[in-house]
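The values are calculated or read from the model by the stated rules, or taken from the named source; none is laboratory data. None of the values given here were measured: they were computed from a predicted structure. Methodologically, a virtual Cβ is constructed for each residue, glycine included, from the backbone with ideal geometry; neighbour enumeration extends over all protein chains shown. Remember, those area values only see protein heavy atoms, side chains included, never the ligands or the DNA or RNA. Shrake-Rupley method; radii C 1.70, N 1.55, O 1.52, S 1.80 Å.
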Amino acid sequence: MSTASVPLPNWINYALIPLINLILAFLVSGLVVWIIGEDPYEALKLMLAGALGRGEGIGFTLFYATNFIFTGLSVAVAYHAGLFNIGSEGQAYLGGLGAALVALSLDHYVPWYVTMPLAICAAALFGAAGAAIPAWLQAKRNSHIVITTIMFNYIISSLMNYVLVHVLIVPGKMAPETRTFLEGGQLPKLDWLMAMFGLKLGPAPLNVSFLIALVMCVLVWVLIWRTKLGYEMRTLGISRSVAAYAGIPYVKIVIITMLISGGLAGMMALNPVMGASARLQVEFVSGAGFVGIAVSLMGRNHPIGIVLAAILFGVLYQGGAELSFDMPTITRDMIMVIQGLVILFAGALEYMFRPTIVRIYQQIVKA
(Lines give C-alpha, C1' and ligand atoms only; values in the text may rest on other atoms or scores of the structure.)
Protein backbone atom coordinates (compact mmCIF):
# COMPACT_ATOMS: atom_id res chain seq x y z
CA MET A 1 0.00 0.00 0.00
CA SER A 2 1.28 3.47 -0.86
CA THR A 3 2.17 5.62 2.14
CA ALA A 4 -0.05 8.35 0.72
CA SER A 5 -3.09 6.13 1.37
CA VAL A 6 -2.12 4.96 4.86
CA PRO A 7 -4.47 6.62 7.38
CA LEU A 8 -2.78 8.70 10.06
CA PRO A 9 -4.23 10.56 13.06
CA ASN A 10 -5.32 14.11 12.36
CA TRP A 11 -2.67 15.53 14.68
CA ILE A 12 0.00 13.98 12.46
CA ASN A 13 -1.60 14.94 9.13
CA TYR A 14 -2.60 18.47 10.07
CA ALA A 15 0.00 19.45 12.66
CA LEU A 16 3.15 17.32 12.79
CA ILE A 17 3.88 16.97 9.05
CA PRO A 18 3.32 20.67 8.24
CA LEU A 19 5.41 21.64 11.28
CA ILE A 20 8.31 19.42 10.18
CA ASN A 21 8.18 20.84 6.66
CA LEU A 22 8.09 24.38 8.03
CA ILE A 23 11.05 23.79 10.34
CA LEU A 24 13.06 22.34 7.48
CA ALA A 25 12.20 25.33 5.29
CA PHE A 26 13.44 27.73 7.96
CA LEU A 27 16.59 25.67 8.54
CA VAL A 28 17.45 25.81 4.83
CA SER A 29 16.59 29.53 4.80
CA GLY A 30 18.88 30.04 7.79
CA LEU A 31 21.67 28.27 5.91
CA VAL A 32 21.18 30.66 2.99
CA VAL A 33 21.31 33.66 5.36
CA TRP A 34 24.47 32.28 6.99
CA ILE A 35 26.14 31.78 3.60
CA ILE A 36 25.70 35.47 2.74
CA GLY A 37 27.35 36.42 6.04
CA GLU A 38 24.44 37.24 8.35
CA ASP A 39 23.34 35.69 11.64
CA PRO A 40 20.28 33.47 10.98
CA TYR A 41 19.06 33.75 14.58
CA GLU A 42 19.23 37.53 14.50
CA ALA A 43 17.48 37.57 11.13
CA LEU A 44 14.66 35.43 12.51
CA LYS A 45 14.28 37.72 15.54
CA LEU A 46 14.10 40.79 13.32
CA MET A 47 11.56 39.14 11.05
CA LEU A 48 9.28 38.11 13.91
CA ALA A 49 9.63 41.48 15.63
CA GLY A 50 8.76 43.28 12.41
CA ALA A 51 5.69 41.14 11.81
CA LEU A 52 4.39 40.57 15.35
CA GLY A 53 6.29 42.90 17.65
CA ARG A 54 3.93 45.90 17.58
CA GLY A 55 0.43 46.85 16.53
CA GLU A 56 1.42 48.27 13.16
CA GLY A 57 3.36 45.15 12.20
CA ILE A 58 0.49 42.88 13.27
CA GLY A 59 -1.88 45.04 11.24
CA PHE A 60 0.19 44.63 8.09
CA THR A 61 0.61 40.90 8.75
CA LEU A 62 -3.15 40.38 9.05
CA PHE A 63 -3.73 42.61 6.02
CA TYR A 64 -1.59 40.33 3.86
CA ALA A 65 -3.11 37.26 5.52
CA THR A 66 -6.60 38.44 4.53
CA ASN A 67 -5.68 38.23 0.85
CA PHE A 68 -4.27 34.75 1.30
CA ILE A 69 -7.29 33.50 3.24
CA PHE A 70 -9.62 34.37 0.36
CA THR A 71 -7.40 32.86 -2.34
CA GLY A 72 -6.56 29.84 -0.17
CA LEU A 73 -10.26 29.13 0.32
CA SER A 74 -10.76 29.52 -3.42
CA VAL A 75 -8.16 26.86 -4.18
CA ALA A 76 -9.41 24.57 -1.38
CA VAL A 77 -13.05 24.54 -2.51
CA ALA A 78 -12.03 23.49 -6.02
CA TYR A 79 -9.53 20.96 -4.68
CA HIS A 80 -12.19 19.14 -2.67
CA ALA A 81 -14.02 18.45 -5.93
CA GLY A 82 -10.86 17.17 -7.61
CA LEU A 83 -10.24 20.45 -9.47
CA PHE A 84 -7.05 22.51 -9.34
CA ASN A 85 -7.96 26.16 -9.81
CA ILE A 86 -4.82 28.06 -10.86
CA GLY A 87 -6.89 31.07 -11.89
CA SER A 88 -7.48 32.73 -8.52
CA GLU A 89 -5.09 35.50 -9.55
CA GLY A 90 -7.19 36.53 -12.54
CA GLN A 91 -10.49 35.89 -10.76
CA ALA A 92 -9.44 38.19 -7.92
CA TYR A 93 -8.41 40.81 -10.47
CA LEU A 94 -11.82 40.67 -12.09
CA GLY A 95 -13.48 40.76 -8.67
CA GLY A 96 -11.76 44.08 -8.10
CA LEU A 97 -13.57 45.49 -11.10
CA GLY A 98 -16.92 44.45 -9.63
CA ALA A 99 -16.15 45.96 -6.22
CA ALA A 100 -14.82 49.17 -7.81
CA LEU A 101 -17.90 49.65 -9.99
CA VAL A 102 -20.14 49.42 -6.92
CA ALA A 103 -17.95 51.83 -4.94
CA LEU A 104 -17.77 54.32 -7.80
CA SER A 105 -21.53 54.21 -8.26
CA LEU A 106 -22.63 54.49 -4.63
CA ASP A 107 -19.92 56.28 -2.63
CA HIS A 108 -21.60 59.66 -3.20
CA TYR A 109 -24.96 58.53 -1.86
CA VAL A 110 -24.75 55.88 0.86
CA PRO A 111 -22.47 54.99 3.81
CA TRP A 112 -19.93 52.18 3.65
CA TYR A 113 -22.14 49.65 5.44
CA VAL A 114 -24.66 49.92 2.61
CA THR A 115 -22.00 49.77 -0.11
CA MET A 116 -20.15 46.83 1.47
CA PRO A 117 -22.71 44.01 1.00
CA LEU A 118 -23.34 45.08 -2.58
CA ALA A 119 -19.59 45.22 -3.22
CA ILE A 120 -19.18 41.74 -1.72
CA CYS A 121 -21.83 40.38 -4.09
CA ALA A 122 -20.34 42.20 -7.09
CA ALA A 123 -16.79 41.02 -6.35
CA ALA A 124 -18.03 37.44 -5.94
CA LEU A 125 -20.10 37.58 -9.14
CA PHE A 126 -17.26 39.02 -11.22
CA GLY A 127 -14.82 36.49 -9.76
CA ALA A 128 -17.25 33.69 -10.54
CA ALA A 129 -17.58 35.04 -14.09
CA GLY A 130 -13.80 34.68 -14.42
CA ALA A 131 -14.11 30.99 -13.55
CA ALA A 132 -17.26 30.28 -15.58
CA ILE A 133 -15.72 29.57 -19.00
CA PRO A 134 -12.90 27.32 -17.66
CA ALA A 135 -15.57 25.50 -15.62
CA TRP A 136 -17.74 24.94 -18.68
CA LEU A 137 -14.77 23.79 -20.76
CA GLN A 138 -13.80 21.28 -18.05
CA ALA A 139 -17.34 20.01 -17.55
CA LYS A 140 -18.51 19.85 -21.16
CA ARG A 141 -15.32 19.56 -23.25
CA ASN A 142 -12.98 17.90 -20.74
CA SER A 143 -10.40 20.70 -21.23
CA HIS A 144 -8.02 20.52 -18.30
CA ILE A 145 -8.90 23.11 -15.67
CA VAL A 146 -5.24 23.89 -14.92
CA ILE A 147 -4.53 24.93 -18.50
CA THR A 148 -7.69 26.97 -19.00
CA THR A 149 -7.45 28.84 -15.69
CA ILE A 150 -3.80 29.73 -16.36
CA MET A 151 -4.76 31.04 -19.79
CA PHE A 152 -7.59 33.11 -18.31
CA ASN A 153 -5.19 34.81 -15.91
CA TYR A 154 -3.55 36.45 -18.93
CA ILE A 155 -6.84 37.14 -20.69
CA ILE A 156 -8.31 38.84 -17.62
CA SER A 157 -5.10 40.80 -17.04
CA SER A 158 -5.22 42.19 -20.58
CA LEU A 159 -8.92 42.98 -20.23
CA MET A 160 -8.36 44.83 -16.96
CA ASN A 161 -5.48 46.82 -18.40
CA TYR A 162 -7.73 47.95 -21.24
CA VAL A 163 -10.56 48.91 -18.89
CA LEU A 164 -8.29 50.90 -16.60
CA VAL A 165 -6.42 52.67 -19.40
CA HIS A 166 -9.34 53.45 -21.70
CA VAL A 167 -12.52 53.41 -19.59
CA LEU A 168 -12.05 54.01 -15.86
CA ILE A 169 -8.92 56.18 -15.87
CA VAL A 170 -9.27 59.65 -14.35
CA PRO A 171 -9.30 62.21 -17.22
CA GLY A 172 -6.04 64.09 -17.44
CA LYS A 173 -4.04 61.62 -15.35
CA MET A 174 -1.35 59.23 -16.54
CA ALA A 175 -1.76 56.56 -13.85
CA PRO A 176 -4.07 53.73 -15.02
CA GLU A 177 -6.36 53.74 -11.99
CA THR A 178 -9.81 54.91 -10.96
CA ARG A 179 -10.52 57.97 -8.86
CA THR A 180 -10.21 57.57 -5.11
CA PHE A 181 -13.43 56.34 -3.56
CA LEU A 182 -15.23 58.62 -1.16
CA GLU A 183 -15.85 57.47 2.41
CA GLY A 184 -19.03 55.68 1.35
CA GLY A 185 -16.92 53.38 -0.85
CA GLN A 186 -14.19 52.60 1.64
CA LEU A 187 -14.02 49.79 4.19
CA PRO A 188 -13.18 51.09 7.68
CA LYS A 189 -10.01 50.08 9.45
CA LEU A 190 -10.00 47.81 12.47
CA ASP A 191 -8.49 50.29 14.93
CA TRP A 192 -11.05 49.25 17.54
CA LEU A 193 -10.05 45.60 17.27
CA MET A 194 -6.37 46.36 17.86
CA ALA A 195 -7.30 48.71 20.72
CA MET A 196 -9.03 45.80 22.47
CA PHE A 197 -5.56 44.23 22.83
CA GLY A 198 -3.89 47.49 23.80
CA LEU A 199 -2.26 47.95 20.39
CA LYS A 200 -2.27 50.80 17.88
CA LEU A 201 -2.89 50.00 14.24
CA GLY A 202 -1.06 53.07 12.93
CA PRO A 203 -0.84 53.31 9.14
CA ALA A 204 -1.46 49.57 8.62
CA PRO A 205 -4.43 49.07 6.22
CA LEU A 206 -6.09 46.25 8.19
CA ASN A 207 -9.83 46.63 7.58
CA VAL A 208 -13.16 44.83 7.98
CA SER A 209 -12.43 42.55 5.01
CA PHE A 210 -10.37 40.52 7.51
CA LEU A 211 -13.58 39.78 9.42
CA ILE A 212 -15.35 38.99 6.14
CA ALA A 213 -12.58 36.48 5.36
CA LEU A 214 -13.11 34.76 8.72
CA VAL A 215 -16.85 34.56 8.07
CA MET A 216 -16.11 32.97 4.69
CA CYS A 217 -13.96 30.37 6.46
CA VAL A 218 -16.95 29.35 8.58
CA LEU A 219 -19.27 29.27 5.55
CA VAL A 220 -16.81 27.16 3.54
CA TRP A 221 -16.52 24.70 6.43
CA VAL A 222 -20.31 24.42 6.57
CA LEU A 223 -20.49 24.03 2.79
CA ILE A 224 -17.86 21.30 2.50
CA TRP A 225 -18.66 19.20 5.57
CA ARG A 226 -22.26 19.95 6.48
CA THR A 227 -24.22 20.17 3.22
CA LYS A 228 -25.35 17.80 0.49
CA LEU A 229 -23.51 19.87 -2.11
CA GLY A 230 -20.30 19.59 -0.10
CA TYR A 231 -20.73 15.82 0.16
CA GLU A 232 -21.19 15.61 -3.62
CA MET A 233 -18.12 17.76 -4.18
CA ARG A 234 -15.97 15.60 -1.91
CA THR A 235 -17.29 12.41 -3.51
CA LEU A 236 -16.42 13.74 -6.95
CA GLY A 237 -12.98 14.70 -5.66
CA ILE A 238 -12.37 11.16 -4.42
CA SER A 239 -13.52 9.39 -7.58
CA ARG A 240 -15.40 10.54 -10.64
CA SER A 241 -16.60 7.00 -11.33
CA VAL A 242 -17.90 6.58 -7.78
CA ALA A 243 -19.69 9.91 -8.06
CA ALA A 244 -21.29 8.82 -11.33
CA TYR A 245 -22.37 5.51 -9.77
CA ALA A 246 -23.96 7.46 -6.91
CA GLY A 247 -25.91 9.59 -9.38
CA ILE A 248 -23.96 12.80 -8.73
CA PRO A 249 -24.16 15.03 -11.85
CA TYR A 250 -20.59 15.72 -12.95
CA VAL A 251 -21.27 18.79 -15.10
CA LYS A 252 -23.42 20.49 -12.47
CA ILE A 253 -21.00 19.94 -9.60
CA VAL A 254 -17.94 21.05 -11.59
CA ILE A 255 -19.58 24.27 -12.71
CA ILE A 256 -21.04 25.10 -9.27
CA THR A 257 -17.74 24.35 -7.55
CA MET A 258 -15.73 26.54 -9.89
CA LEU A 259 -18.23 29.39 -9.59
CA ILE A 260 -17.92 29.25 -5.80
CA SER A 261 -14.14 29.05 -6.08
CA GLY A 262 -14.02 32.03 -8.42
CA GLY A 263 -16.39 33.98 -6.20
CA LEU A 264 -14.14 33.50 -3.17
CA ALA A 265 -11.12 34.64 -5.18
CA GLY A 266 -13.03 37.69 -6.40
CA MET A 267 -13.85 38.69 -2.83
CA MET A 268 -10.14 38.99 -2.12
CA ALA A 269 -10.28 42.31 -4.01
CA LEU A 270 -12.28 43.94 -1.20
CA ASN A 271 -9.14 44.11 0.93
CA PRO A 272 -6.77 46.05 -1.36
CA VAL A 273 -9.34 47.88 -3.52
CA MET A 274 -11.84 49.15 -0.96
CA GLY A 275 -9.71 48.74 2.13
CA ALA A 276 -6.10 49.73 1.46
CA SER A 277 -5.93 52.00 -1.59
CA ALA A 278 -9.60 53.01 -1.98
CA ARG A 279 -9.27 52.78 -5.75
CA LEU A 280 -8.78 50.17 -8.47
CA GLN A 281 -5.18 49.96 -9.67
CA VAL A 282 -3.19 47.85 -12.09
CA GLU A 283 -1.97 44.50 -10.72
CA PHE A 284 -3.32 45.07 -7.21
CA VAL A 285 -3.50 41.29 -6.64
CA SER A 286 0.32 41.12 -6.55
CA GLY A 287 0.61 37.34 -6.72
CA ALA A 288 -1.84 36.59 -3.89
CA GLY A 289 -3.70 34.15 -6.15
CA PHE A 290 -0.60 32.01 -6.57
CA VAL A 291 0.35 32.23 -2.89
CA GLY A 292 -3.16 30.95 -2.16
CA ILE A 293 -2.19 27.64 -3.75
CA ALA A 294 0.60 27.14 -1.21
CA VAL A 295 -1.63 28.38 1.62
CA SER A 296 -4.33 25.86 0.70
CA LEU A 297 -1.89 22.96 0.42
CA MET A 298 -0.11 23.86 3.63
CA GLY A 299 -3.44 24.26 5.42
CA ARG A 300 -4.53 20.82 4.16
CA ASN A 301 -7.48 22.49 2.38
CA HIS A 302 -9.23 23.08 5.70
CA PRO A 303 -10.39 26.60 6.71
CA ILE A 304 -8.59 26.50 10.06
CA GLY A 305 -5.36 25.36 8.44
CA ILE A 306 -5.77 27.99 5.72
CA VAL A 307 -6.09 30.77 8.32
CA LEU A 308 -2.92 29.61 10.09
CA ALA A 309 -0.99 29.22 6.83
CA ALA A 310 -2.19 32.63 5.62
CA ILE A 311 -0.95 34.25 8.83
CA LEU A 312 2.40 32.51 8.35
CA PHE A 313 2.74 33.97 4.87
CA GLY A 314 1.60 37.33 6.23
CA VAL A 315 4.49 37.11 8.69
CA LEU A 316 6.87 36.30 5.84
CA TYR A 317 5.68 39.25 3.77
CA GLN A 318 5.64 41.85 6.55
CA GLY A 319 8.59 40.47 8.50
CA GLY A 320 10.57 40.10 5.29
CA ALA A 321 10.03 43.77 4.44
CA GLU A 322 11.26 44.80 7.91
CA LEU A 323 14.19 42.40 7.69
CA SER A 324 15.40 43.77 4.36
CA PHE A 325 15.28 47.26 5.88
CA ASP A 326 17.19 46.35 9.06
CA MET A 327 19.63 44.01 7.30
CA PRO A 328 20.45 45.60 3.92
CA THR A 329 22.53 42.55 2.99
CA ILE A 330 19.31 40.55 2.87
CA THR A 331 17.66 42.10 -0.15
CA ARG A 332 14.05 41.80 -1.22
CA ASP A 333 15.17 39.07 -3.62
CA MET A 334 16.53 37.11 -0.67
CA ILE A 335 13.18 37.42 1.05
CA MET A 336 11.59 35.98 -2.08
CA VAL A 337 13.99 33.04 -1.80
CA ILE A 338 12.91 32.41 1.80
CA GLN A 339 9.24 32.60 0.81
CA GLY A 340 9.94 30.23 -2.07
CA LEU A 341 11.60 27.73 0.24
CA VAL A 342 8.57 27.73 2.54
CA ILE A 343 6.32 27.16 -0.47
CA LEU A 344 8.63 24.41 -1.73
CA PHE A 345 8.77 22.42 1.51
CA ALA A 346 5.25 23.14 2.76
CA GLY A 347 3.57 22.79 -0.61
CA ALA A 348 5.43 20.92 -3.32
CA LEU A 349 7.29 18.62 -0.91
CA GLU A 350 4.55 18.28 1.70
CA TYR A 351 4.75 14.45 1.65
CA MET A 352 8.53 14.21 1.68
CA PHE A 353 8.66 12.94 5.26
CA ARG A 354 5.38 11.04 5.17
CA PRO A 355 6.85 7.58 4.32
CA THR A 356 9.24 7.79 7.28
CA ILE A 357 6.51 9.07 9.61
CA VAL A 358 4.16 6.27 8.47
CA ARG A 359 6.80 3.62 9.21
CA ILE A 360 7.54 5.08 12.65
CA TYR A 361 3.83 5.37 13.45
CA GLN A 362 3.13 1.77 12.35
CA GLN A 363 6.01 0.48 14.50
CA ILE A 364 4.69 2.39 17.53
CA VAL A 365 1.15 1.10 16.99
CA LYS A 366 2.34 -2.51 16.61
CA ALA A 367 4.44 -2.20 19.72
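Summarised in one figure, the compactness ratio Rg/Rh of segment 261-367, Cα atoms and Kirkwood Rh, is 1.10.
Each Lys or Arg adds one and each Asp or Glu takes one away; over the other residues whose Cβ falls under 14 Å from the Cβ of LEU104, this sums to -1.
Check each of the GluC sites (Glu not before Pro) in segment 271-367 and keep only those in coil by DSSP with at most 15 other C-beta atoms within 10 angstrom; list them in order. Answer in residue order: GLU283. Note on the chain: Cα Rg divided by 2.2 N^0.38 Å, N the number of residues, gives 1.03.
What the phi angles of segment 286-302 give under the Karplus curve with 6.51, -1.76 and 1.60, with θ = phi - 60°, is a coupling list of 6, x, 4, x, 7, 4, x, 5, 5, 4, 5, 5, 5, x, 6, 6, 10 Hz, glycine and proline written as x.
Centre-to-centre separation between the Cα atoms of segment 225-285 and those of segment 1-72: 26 Å. Summing charges over neighbours of TYR250, with a neighbour being any other residue whose Cβ is under 11 Å away from its Cβ, gives +2 when K and R count +1 and D and E count -1. The magnitude of the dipole of segment 203-329, with charges of +1 and -1 set on the Cβ of Lys/Arg and Asp/Glu and taken from the Cα centre, is near 620 debye.
Packing order of peptides 328-334, 204-210, highest average first: 204-210, 328-334 (average count of other Cβ atoms within 10 Å over each peptide's residues).
Apolar share of the accessible surface for the chain: 69 percent from carbon plus sulfur atoms, 1.4 Å probe.
Based on DSSP H segments of at least four residues, each scored -39500 (n - 2.57), the chain has a per-residue ellipticity at 222 nm of -22500 deg cm²/dmol. Dipole magnitude for the chain: about 1200 debye, using +1 per Lys or Arg Cβ and -1 per Asp or Glu Cβ, origin at the Cα centre.
Rolling a 1.4 Å probe over the protein heavy atoms gives segment 19-137 an accessible area of 38 Å² per residue. Taking a Cβ cut-off of under 13 Å around ALA51, the surrounding Lys, Arg, Asp and Glu residues balance to a net charge of -1, with basic ones at +1 and acidic ones at -1. Under a 5 Å amide H cut-off, with hydrogens placed 1.01 Å from N, LYS189 pairs with nothing among residues at least 5 apart or on other chains. Between VAL75, VAL28, VAL295, which gets the highest mean-square fluctuation from a Gaussian network model of the chain, Cα cutoff 10 Å? Highest fluctuation of the listed residues: VAL28. Each Lys and Arg contributes +1 and each Asp and Glu -1, all at the Cβ; summed about the Cα centre of segment 295-359, the dipole is approximately 360 debye. What is the ratio of the Cα radius of gyration of segment 238-287 to 2.2 N^0.38 Å, with N the residue count, to two decimals? In units of the globular-protein estimate, segment 238-287 measures up at 1.77. For LYS252, the lysines whose Cα falls under 23 Å of its own Cα, not counting residues fewer than eight places away in the same chain, are LYS140, LYS228. Think of a 1.4 Å ball rolled over the protein heavy atoms: segment 191-306 then has 42 Å² of accessible area per residue. Across segment 182-196, computed HN-Hα scalar couplings (Karplus, 6.51 cos²θ - 1.76 cosθ + 1.60, θ = phi - 60°) run 6, 4, x, x, 10, 8, x, 6, 9, 4, 5, 5, 5, 5, 4 Hz from first to last residue, x flagging Gly and Pro.
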